[in-house]
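Asker: To start, I am sharing the structure in question, which I have written as structure tokens.
The values are calculated or read from the model by the stated rules, or taken from the named source; none is laboratory data. Please read all numbers here as calculations on a predicted model, not as lab measurements. Quick reminder, even Gly has a Cβ in these numbers, built from the backbone with ideal geometry, and neighbours come from all protein chains shown.
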Amino acid sequence: MNRSTPILSILMVLVGSLPAPAEDTVVLRSGNGRQTRLRGRVVDYDQQQLRLQLSNGPEQVIPAERVLRVETPYTAEQIQADQARDKAQHDAALVLYQKALALERRRWARRAIVREMIWCHRASGQVEQAGELFLLLARDRPSASDFACMPLAWSGWPPSASLERAARGWMARADLPAAALLGASHLLSTEPAAAAARLKRLAINVDGPVAQLAAAQLWRTEALTADAPRTAAWRRAIDRMPEPLRAGPYFVLGRALARQGQLDEAALVLLRAPILYPRQVPLSADALVEAARVLEKRKRPRQAARLYREVIRDHPSLPAASEARAQWEAMTREQIK
């Protein structure tokens, strides 16, 4: 997939002004198991709220938790893209999403398509491409849904040469705090002093998800030394985060708990990523490996081996699979002795 042309065309589509299509129907939860249906045009929709311009009335702002579903027309290309995505055919899905994006006229729906493209790139291990697309969303009032798909580094795997170059460019940007956060997260393993300094400035001088995620990224530098009061503070910080942003922070917390010897709690926290946030594919694979290590320490080899095999089977191209294979083979050799 050529990177420059699609990204330029996506930017033009995101900022363009296009006419709205037919009406949408929003189905709401209204108490006592009842449902309410409102008709109009969805102006915007994210994890916090849905804005609906009623057919015969003013605009309404509806909390997202009340929304059961939005009945809205989608193009055949988007339907096919979703089907390809569900079958883990990410390259095919990306081509179809690109076509759907060119046909979609609603701003909120176009942003949703770009988010799906980011998830596909991430599932394929294409972090640089995912990052560039995310920064398009970040230029225009990003929502929690946007930050949820942000391809941050959490595990400490060293970036490729091309990703490292891109990360330096992202971290150096003064105009977009989200770009600096993204770059610093990937450089924390190779340029720890500069990356940590940038993250500290973001945590202090910016607010919202950028500050919260920058602070959580800094936890990575303390995971080996954090004591119980420190991890208790991390738990409270996670509870204050929007729910979609908690996967990476849970992973760091789980690793720290494992180092403290709180093995049962560590396993439970680590498994939250693959169970609650399955779209965070690389992070979920890393979390499964870490949880398996914890289970080994708890003398539960069968459960550990099951997790290792799951990573090897489901994520063979990710770095976590190599680690899982080495651990599983070591376990097998030990059992033969």
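Asker: Filter region 14-68 for residues that are out of contact with any strand residue (DSSP E or B) (no Cβ under 9 Å at 6 or more places or on another chain) and closer than 19 Å to Arg141 by Cβ; which is modelled with the highest pLDDT?
Answerer: Asp46
Asker: Suppose we filter Asp227, Asp286, Asp207, Asp264 for residues that are at pLDDT below 95 and acidic (Asp, Glu); which single one remains?
Answerer: Asp207
Asker: How many residues does region 234-270 contain that are closer than 21 Å to Leu295 by Cα and either of a type in the set (Gly, Ala, Ser) or surrounded by 21 or more Cβ atoms within 10 Å (Cβ to Cβ) (or both)?
Answerer: 17
Asker: Would you pick out the residues in region 139-152 that are surrounded by fewer than 20 Cβ atoms within 10 Å (Cβ to Cβ) and either of a type in the set (Gly, Ala, Ser) or within 18 Å of Tyr250 (Cα to Cα) (or both)?
Answerer: Hits for region 139-152 are Ala144, Ser145.
Asker: Across region 67-121, what is the total count of residues that are surrounded by fewer than 20 Cβ atoms within 10 Å (Cβ to Cβ), aliphatic (A, V, I, L, M) and more than 20 Å from Pro244 (Cβ to Cβ)?
Answerer: Adding up the residues that qualify gives 8.
Asker: Can you pull out the residues in region 223-234 that are of a type outside the set (Phe, Trp, Tyr) and in contact with a helix residue (DSSP H, G or I) (Cβ under 7 Å, 6 or more places away or on another chain)?
Answerer: Ala223, Leu224, Ala226, Thr231
Asker: Could you tell me how many of the residues in region 42-69 are touching a residue at least 60 places away in the same chain (Cβ under 8 Å) and not in a loop (DSSP other than H, G, I, E, B)?
Answerer: Total meeting the criteria: 4.
Asker: In region 171-186, what residues are out of contact with any Phe, Trp or Tyr (no Cβ under 9 Å at 6 or more places or on another chain) and surrounded by 14 or more Cβ atoms within 10 Å (Cβ to Cβ)?
Answerer: Met171, Arg173, Pro177
Asker: When you look at Ile118, is it aliphatic (A, V, I, L, M) and free of Cβ contacts under 8 Å to residues at least 24 places away in the same chain, yes or no?
Answerer: no
Asker: Separate question: Scan region 290-337 residue by residue and report those that are outside any helix (DSSP H, G or I) and under 22 Å from the mean Cα position of the chain (by Cα).
Answerer: If the condition is that a residue be outside any helix (DSSP H, G or I) and under 22 Å from the mean Cα position of the chain (by Cα), then His315, Pro316, Ser317, Leu318 are the ones that fit.
Asker: Now a separate question. Within region 193-229, how many residues are part of a helix (DSSP H, G or I) and either within 15 Å of Ala166 (Cβ to Cβ) or among the charged types (D, E, K, R) (or both)?
Answerer: 4
Asker: I would also like to ask the following. How many of the residues making up region 153-170 are aliphatic (A, V, I, L, M) and crowded, with 22+ Cβ neighbours inside 10 Å?
Answerer: Count: 2.
Asker: Please report, ordered by residue number, the helices (runs of 4 or more DSSP H) entirely within region 128-192 with at least 3 residues that are over 16 Å from Leu218 (Cα atoms).
Answerer: Hits in region 128-192: 144-148, 161-171.
Asker: Sticking with this one: So is Ala64 in the same structural domain as Asp146 (by TED's automatic domain parsing) and surrounded by 14 or more Cβ atoms within 10 Å (Cβ to Cβ) or not?
Answerer: no
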